[in-house]
1. Using alpha carbons only, how many angstrom separate the centre of the range 18-51 from the centre of the range 82-115?
2. Have a look at the DSSP beta bridges in the range 6-153 and tell me what percent are antiparallel, nearest 5.
3. Just how large is the dipole of the chain about the Cα centre, in debye to the nearest 20, putting +1 at every Lys and Arg Cβ and -1 at every Asp and Glu Cβ?
4. Could you tell me the center-to-center distance, by alpha carbons, between the range 131-150 and the range 3-17 in angstrom?
5. Grab the alpha carbons of the range 68-154, take their convex hull, and tell me the volume per residue in Å³.
6. Once you put a point 7 Å from the Cα of ARG80 and another 7 Å from the Cα of ARG33, both along the Cβ direction, what distance in nm separates them?
7. To the nearest whole percent, what portion of all C-alpha pairs in the chain is separated by more than 18 angstrom?
8. Please tell me the relative contact order of the chain in percent, rounded to the nearest whole number, where contacts are Cα pairs under 8 Å and at least six residues apart.
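Only the coordinates and a few stated rules stand behind these numbers; no lab work does. Since the structure is predicted, the reported quantities are computational estimates derived from the model, not experimental observations. Methodologically, a virtual Cβ is constructed for each residue, glycine included, from the backbone with ideal geometry; neighbour enumeration extends over all protein chains shown.
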Amino acid sequence: MDVGYRIRPAQAADVAAVCGIEGAVFSDPWSARDFRECAASGVPFLIAEQGGIVVGYAVAHQAADEGEILNLGVAPSHQRRGVGRVLVEGLMALLADRGAREVYLEVRESNAAARRLYQHVGFREVGRRPGYYRRPVEDAVILRTSISAETRRA
Ligand SMILES: CC(C)(COP(=O)(O)OP(=O)(O)OC[C@H]1O[C@@H](n2cnc3c(N)ncnc32)[C@H](O)[C@@H]1OP(=O)(O)O)[C@@H](O)C(=O)NCCC(=O)NCCS
């Protein structure tokens, strides 16, 4: 889907803009230090931008053949335009390149938008972590998907 957004690897210079979005969309946001460490460590960390403005980001990590999506956010004024989906698909492609065969993530039980998005790209519920989140305390739903042979070849 052409959403007019460019997806590219994150750099240290993106952290301030990413934190601005993170603070707007999460009640318990990551710190600038968390994002700086991700940018410096070489984990899959993608930016969506439009006209040079950062409008979304996604972070994952990987160990052996398992990937995990750690964070995903889209600026409120750019939501529902396909940005989240292309960020997740971009992360999946990067994880596939690095040898991942399956990908996990945790999402708040009440986060209907994210759960819908992940369902659309093939994730399915495989478990729960009671009381996993803070501010407010809430269960995490654990989602999993396999990376298809097509994604690995793309
Ligand atoms: C979840 C989030 C990243 C989605 O980003 P987005 O760019 O708006 O998502 P997309 O436009 O790519 O949506 C893809 C699909 O997800 C579902 N979806 C996205 N937002 C939705 C919403 N508010 N309500 C219901 N379904 C939604 C839809 O099925 C949508 O497809 P459609 O628009 O064709 O119906 C965004 O809402 C966000 O930043 N939320 C706050 C942070 C967050 O919850 N991150 C995830 C933590 S695990």
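1. First find each Cα centre; the distance between them is then 15 Å.
2. Values: 31 of 35 bridges.
Within the range 6-153, antiparallel bridges account for around 90 percent of the total.
3. Working: 20 positive and 19 negative charges, 49 e Å.
The dipole magnitude comes to about 240 debye.
4. 24 Å
5. Values: hull volume 8.4 nm³, N = 87.
Expressed per residue, the convex hull around the Cα atoms of the range 68-154 is 97 Å³.
6. Rounded to a tenth, the inter-label distance reads 3.8 nm.
7. Numbers: 6728 of 11781 pairs.
Every Cα pair in the chain considered, those over 18 Å come to 57 percent.
8. Values: 269 pairs, mean separation 30.0, N = 154.
Relative contact order comes out at 19 percent.
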